[in-house]
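First comes the structure, then the notes that go with it.
The values are calculated or read from the model by the stated rules, or taken from the named source; none is laboratory data. Treat the numbers as computed from the prediction; the structure is a model and nothing was measured. Reconstructed Cβ throughout: ideal geometry from the backbone, glycine too, with neighbour counts over all protein chains shown.
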Amino acid sequence: MLYGRPLIVVSGLPRSGTSMMMAMLDAGGLRVWTDGRRAADEQNPHGYYELERIKDLDKPLDKEWVREGRGRAVKIVSPLLAHLPADNTYHVIFMRRDLDEVLASQDKMLAGRGQPGAASSTVALKAAYEAHLRTIERLLDRDPRFLAIEVAYQAVIEDPVEMSRRIEQFLGCRLDLGRMAAAVDVSLYRNRHAARRSTGPPDRAAIDIENL
């Protein structure tokens, strides 16, 4: 391969199921790239599978270190995808989840930190997410760095075995499909789609990658 083995990137909006997908890949036998600095909590009792250094991707710093992840899976929130260096290739598993559920999950997480209503489902915030996702779709479709598969959170919950099989096929490597499927904890699907009431500030249209 021109750039060596690809990095396997699990991406999506915060609270879209990226940690769940990382847990599946880990259980399936794929090497995951994490530092363990963010501990598991009530919102993600099985862990966040994060690499703190990834948050520096949008900074004007040397990014040669990204090569260390070749052949491994790493979680990168969607706003940072465009900042990945061009001297690697990336196989992206992009998680999609109903935006009302994403916003409800973000509200619940922020409330647990003493910030109730900080991510309220306003028209402006939801529109910002929709516009952002359209931008990411174009990036993944047109940029030669990326080969991507879109995975619906709901589909994983409903049939983890089938979705594990599709991911194995996309990645082109042998995985333990039974262990992957068993890593899906359906009891954590707590923020199901429903009409939501705004209880906080009228607008928060920025996608906050530091706090979610």
Could you list, in sequence order, the residues of region 27-83 that are over 16 Å from the mean Cα position of the chain (by Cα) and assigned to a helix (DSSP H, G or I)? Ala27, Gly28, Asp56, Glu64, Trp65, Val66, Arg67, Glu68, Gly69
Could you tell me whether Ser11 is crowded, with 19+ Cβ neighbours inside 10 Å, in contact (Cβ under 8 Å) with a residue 12 or more places away in the chain and in contact with a Lys or Arg (Cβ under 6 Å, 6 or more places away or on another chain)? no
For residues in region 97-125 being part of a loop (DSSP other than H, G, I, E, B) and modelled with pLDDT of 75 or more, which is surrounded by the fewest Cβ atoms within 10 Å (Cβ to Cβ)? Asp98
Among (1) at pLDDT below 95; (2) charged (D, E, K, R); (3) surrounded by 13 or more Cβ atoms within 10 Å (Cβ to Cβ), there is one condition Arg190 misses while meeting the rest; what is its number? (3)
Please verify whether Asp58 is farther than 27 Å from Asp141 by Cβ and in contact (Cβ under 8 Å) with a residue 24 or more places away in the chain, treating the condition exactly as stated. no
Residue match in region 5-22 (condition: farther than 27 Å from Ile157 by Cα, in a loop (DSSP other than H, G, I, E, B) and modelled with pLDDT under 95): yes
Can you pull out every residue in region 26-83 that is exposed (fewer than 14 other Cβ atoms within 10 Å of the Cβ) and either hydroxyl-bearing (Ser, Thr, Tyr) or under 22 Å from Leu175 (Cα atoms) (or both)? Gly29, Arg31, Glu68
